[in-house]
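I have placed the structure first, in the form of structure tokens, so that the comments after it can refer back to it.
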Ligand code: ZN
């Protein structure tokens, strides 16, 4: 289906199986304990059709929860809204200029996809060079069963993150702000971060996997050196960024790491994404949940939960920038 694209290609097997649990535990012991005590529901290994090739056989250091109690922050009134508008407070104008702990830091937020991609399939299907090979310019992204599009989710979370980070003094740039008919292409998305000399870049997504597949995962760049792609210098700092984001995302949202990819670590390394391959600055993707699972969708469609997601991601970015 049209959702298959750069974001959902089979991920590369993780090259290392560093026990992230340790890193996560160091960052957020309280939160980890919180979701570890949830009772794990059986049959968590759903049919991850869009993440086929995931290192599903990897030994999970923890059993991610898929149980029910993660309902905090529900904003059910928003759930069926097919054309939601962002409700993120725009504090741009009130953000203190040149002050705050992140003063001088540049953060680029990449809201995955674009609501207009659905209407511009020819344009987004054209191939662009991502160094290792060519890929589609962009993809439509997924949607919940009730029609809440991933592209609207990503833009909303990006707006909330921008407000949070600007309040701390960061200079924040978005790769797109609903201000263009489609895209930009994944190579351009990477170059926007590069050209901004970003100290950190986060690409916001939500997955489109099978029912029963739940939780978030952060995607880290693997080492790539081919054509225009050379990630060797950003692999280590991106991993640190990603580990911090995963830890703070757990702490703030209470969500568990993915139960279908990443072996329970919430971290996946990939070398097939142009947005990562072409980056020359520390960058990660985050798949905040699975839009095709009704339980995750209930969270993703909640404005209150999206605020937590934005806070969780932003806290990780801020932690990385202040290290
Ligand atoms: Zn996506």
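The values are calculated or read from the model by the stated rules, or taken from the named source; none is laboratory data. These figures come from a predicted structure and were not determined experimentally. All Cβ positions, glycine included, derive from the backbone under ideal geometry; neighbour counts span all protein chains shown.
Of all residues in segment 156-178, at least one satisfies being more than 14 Å from the ligand (Cβ to nearest atom) and at pLDDT below 95. Taking segment 182-212 as the range and being within 16 Å of the chain's Cα centre (by Cα) and either over 27 Å from residue 165 (Cβ atoms) or part of a loop (DSSP other than H, G, I, E, B) (or both) as the test, the residues that pass are 208, 209. I'm checking my understanding of the structure. Among residues of segment 130-155 that are touching a strand residue (DSSP E or B) at 6+ places or on another chain (Cβ under 7 Å) and at positive phi, which one is farthest from the ligand (Cβ to nearest atom)? The extreme case among them is 131. Of the residues making up segment 272-283, those that are closer than 17 Å to residue 185 by Cα and touching a helix residue (DSSP H, G or I) at 6+ places or on another chain (Cβ under 8 Å) are 273, 274, 275, 276, 277, 278, 279, 280, 283.
Checking residue 285 against (1) within 16 Å of the ligand (Cβ to nearest atom); (2) within 12 Å of the chain's Cα centre (by Cα); (3) assigned to a helix (DSSP H, G or I): exactly one of these is not met. Which one? Going through the list (1) within 16 Å of the ligand (Cβ to nearest atom); (2) within 12 Å of the chain's Cα centre (by Cα); (3) assigned to a helix (DSSP H, G or I), residue 285 breaks only (3).
Out of all the residues in segment 145-181, which are more than 19 Å from the chain's Cα centre (by Cα) and surrounded by fewer than 24 Cβ atoms within 10 Å (Cβ to Cβ)? Hits for segment 145-181 are 145, 146, 147, 166, 167, 168, 169, 171, 179, 180, 181. Scanning segment 213-263 for residues that are closer than 30 Å to residue 145 by Cβ and in a strand (DSSP E or B) yields a count of 6.
Taken together, the criteria exclude residue 92 from residues that are modelled with pLDDT under 95 and in contact with a strand residue (DSSP E or B) (Cβ under 7 Å, 6 or more places away or on another chain).
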